[in-house]
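Working notes for the structure below.
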Amino acid sequence: MMRVTHVVFTFGLIALAAAWLGLGIAVALLAALWLAVIVNYVIDAAGHEVRNGRRRRTAATHSLSGATAVGAVAGFAPTLVILLAAPGAVGVYYGQLLLLEMTALGALAGLSHLLLDALTEGGIYYRGRRWAIAHWHYDNGAANGLFALLGILMLGFTLLHV
């Protein structure tokens, strides 16, 4: 899928999940925006190589472990820095809970990227082999529109029910 589709879909999904976890709407939206942009960018920037003149995905970030790790670090690291910079802002228990939640949300963001990539002809890496659910071209207008719409609907549901 196209990067904008990844970002919109992930933004809606993470906002919904963060709100479901009980994070306030402002924190949920900020976390969703950060994770949607950085996780999708890093997975694609670090996970493509050029072979025989063609750009293709690598297992480094387009596998279950790679994408989950990128997302988990993107959720954990900035949260830890913020908590260390303002040690008295939240209690120890809430800080630990927030670290856990942001790490899990980051991992979910990475997995959402893989879901959309598994729908394309390039697929993802699973057990060392390429695997795909569907074989749509990455710029398929209908597929990109559908998943962008799903992201918008998840965001709308989040805003209406929080």
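The values are calculated or read from the model by the stated rules, or taken from the named source; none is laboratory data. The model shown is predicted, which means the values in this text are computed figures rather than measured ones. Note that we place each Cβ from the backbone using ideal geometry, even for glycine, and neighbour counts take in every protein chain shown. Remember, those area values only see protein heavy atoms, side chains included, never the ligands or the DNA or RNA. Shrake-Rupley method; radii C 1.70, N 1.55, O 1.52, S 1.80 Å.
Observations, loosely collected:
- Test item: Cα-centred dipole of the chain, Lys/Arg +1 and Asp/Glu -1 on Cβ, debye: 520 debye
- In the chain, the longest principal axis of the Cα atoms and the axis of helix 25-46 are about 30 degrees apart.
- The largest-to-smallest principal axis extents of the Cα set in the chain are 54, 32, 23 Å.
- Cut-off 19 Å, label 7 Å out along Cα→Cβ of ASP139, residues of the stretch 29-72 by amide N: 44-45, 48-51, 53-57
- Those trypsin sites (Lys or Arg not before Pro) in the stretch 94-138 that DSSP places in a loop and that have at most 15 other beta carbons within 10 Å: ARG127
- Above 17 Å, the calculated P(r) of the stretch 62-148 contains 57 percent of its Cα-Cα pairs.
- Distribution of pairwise C-alpha distances over the stretch 1-81, 5 Å bins, in %: 3, 15, 21, 24, 17, 10, 5, 3, 1, 0
- Annotation: amide H-H contacts under 5 Å for TYR126 (H modelled 1.01 Å from N, sequence separation of 5 or more, or interchain): TRP131.
- Nearest-10 value in Å² for the accessible area of MET102, using the 1.4 Å probe: 20 Å²
- Accessible surface of GLU121 - all protein chains present, 1.4 Å probe, nearest 10 Å²: 100 Å²
- Gain in span if fully extended, TRP20 to TYR94, counting 0.36 nm per residue against the direct Cα distance: 25.0 nm
- Taking the charge dipole of the chain about its Cα centre, with +1 at Lys and Arg Cβ atoms and -1 at Asp and Glu Cβ atoms, the residue from ILE82, SER65, ASN144 reaching farthest to the positive side is SER65.
- Dipole of the stretch 5-144, positive end: most advanced residue of VAL8, LEU21, ALA134 [Cβ charges, Cα centre]: ALA134
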